[in-house]
Amino acid sequence: MAMRFPWISVDPLLIVALVVLAGMGRLAAGLLFLGLVLLHEIAHALVAHHYGLRVSRVELTPFGGRACIPELTVLDPSVEISIALAGPFCNLLLAAAAPALAGMAGHLLDPALLSMWTVVNLSLALFNLLPGLPLDGGRVVRALLASRVGWTQATRRLAAAGQGLGLLVTASGGILLWNNAGLPGFSFLLTGVFFWIAARSESRAGSLSFQRYVLQKTSGLGNWLTGIREGRWLVVHEEEPLQMVVQRLLPHRYHWVVAVDGRGRPRALLNEAELFALARRHGLAVPVKAIVEASRRASPAH
């Protein structure tokens, strides 16, 4: 399949930031940082294409970039890990290539820019591996954690970790400004605020993505369930809302759900197809008991 290269979306604030850097005589450093961020995102896009996924665009902002993948790839842990690690791995390779660049074209390049090449690549790789959304490290940890607590709960935990990192960066910026650090302090402050907002958005987007996944899997369950799939049992109290059950589902597993009463006695056995059908018919807020009883009243077989 030929790759259609994603178009690049540039935030207007990025243009403003570049103009400010030009006025300060640091445009070359800003363009170098922007180019390395773009290569980082292209690495994500290439690996996504390898898995047959479409990358709609690459977004560039003063605070970094993002490869936008419309498909719900985050619900496949192995794919999410591969795509997430591609960006930091690209930066590590570029950092390792610094001596080769110096040997081939060192007489043409500013030594300060060569040094910055290594520092920025290492910084991008290490920062993006921190365990918090929307960073790549957060996506890796979410993919690993999803097999234990479910994808939605894992998203919420890693988004909360990302918000904590954002507050830490913001506080660091405040300390730098208090000590008259000027531009570095202001940059840290803005980056921290942006990071906190982005992490909060990840949490909200995660819930919407899972609802879309439920609808997608419901409508195409027959096509999805081919070959051999791993199964999983869930035991839930009948008073729990259906949303709590759905949030415990794991990507690429087939589930059976046993609803029990307060004494632990089985009240109903639902397979995944029935569970999704009930979710579409009654919503996610109603208790499992209510939808089971409604289903029994509607079915003469019960």
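For residues that are modelled with pLDDT of 85 or more and of a type in the set (Asp, Glu), tally how many sit in the range 49-75. Residues meeting the conditions: 1.
Only a single criterion out of (1) loosely packed, with under 14 Cβ neighbours inside 10 Å; (2) free of Cβ contacts under 8 Å to residues at least 24 places away in the same chain is not satisfied by residue 30, namely (1).
Residue-by-condition table, conditions (1) out of contact with any Phe, Trp or Tyr (no Cβ under 6 Å at 6 or more places or on another chain); (2) closer than 27 Å to residue 141 by Cβ; (3) crowded, with 19+ Cβ neighbours inside 10 Å:
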| residue | (1), (2), (3) |
| --- | --- |
| 61 | yes, yes, no |
| 79 | no, yes, yes |
| 94 | yes, yes, yes |
| 100 | yes, no, no |
| 104 | yes, no, no |
| 107 | yes, no, no |
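One residue is enough: does the range 240-249 have a residue meeting the conditions charged (D, E, K, R) and at pLDDT 85 or above? Yes, some residue in the range 240-249 is charged (D, E, K, R) and at pLDDT 85 or above. Across the range 124-138, not a single residue is classified as among the acidic types (Asp, Glu) and more than 30 Å from residue 231 (Cα to Cα).
Would you call residue 154 aliphatic (A, V, I, L, M), out of contact with any strand residue (DSSP E or B) (no Cβ under 6 Å at 6 or more places or on another chain) and farther than 30 Å from residue 232 by Cβ? Against the criterion (aliphatic (A, V, I, L, M), out of contact with any strand residue (DSSP E or B) (no Cβ under 6 Å at 6 or more places or on another chain) and farther than 30 Å from residue 232 by Cβ), residue 154 does not qualify. The condition (being closer than 30 Å to residue 159 by Cα, modelled with pLDDT under 80 and among the charged types (D, E, K, R)) is satisfied by just one residue among 280, 200, 297: 280. Within the range 42-59, the set of residues being surrounded by 21 or more Cβ atoms within 10 Å (Cβ to Cβ) and outside any helix (DSSP H, G or I) comprises 55, 58.
Taking (1) closer than 16 Å to residue 64 by Cβ; (2) crowded, with 19+ Cβ neighbours inside 10 Å in turn, residue 117 satisfies each apart from (1).
For the range 90-107, does any single residue satisfy the condition of being free of Cβ contacts under 8 Å to residues at least 24 places away in the same chain and either under 28 Å from the mean Cα position of the chain (by Cα) or within 30 Å of residue 150 (Cα to Cα) (or both)? There is at least one residue in the range 90-107 that is free of Cβ contacts under 8 Å to residues at least 24 places away in the same chain and either under 28 Å from the mean Cα position of the chain (by Cα) or within 30 Å of residue 150 (Cα to Cα) (or both). Of all the residues that make up the range 146-170, how many are surrounded by 17 or more Cβ atoms within 10 Å (Cβ to Cβ) and closer than 30 Å to residue 181 by Cα? Qualifying residue count, the range 146-170: 8. A Cβ distance below 6 Å, combined with a sequence gap of six or more or placement on separate chains, defines the contacts here; from the range 184-202, residues that are closer than 20 Å to residue 26 by Cα reach residues that are outside any helix (DSSP H, G or I) in the pairs 191/63.
The values are calculated or read from the model by the stated rules, or taken from the named source; none is laboratory data. In this text, all values refer to a predicted model and were calculated from it rather than measured experimentally. When we count neighbours, we look across all protein chains shown, and the Cβ atoms used for this are built from the backbone with ideal geometry, even at glycine.
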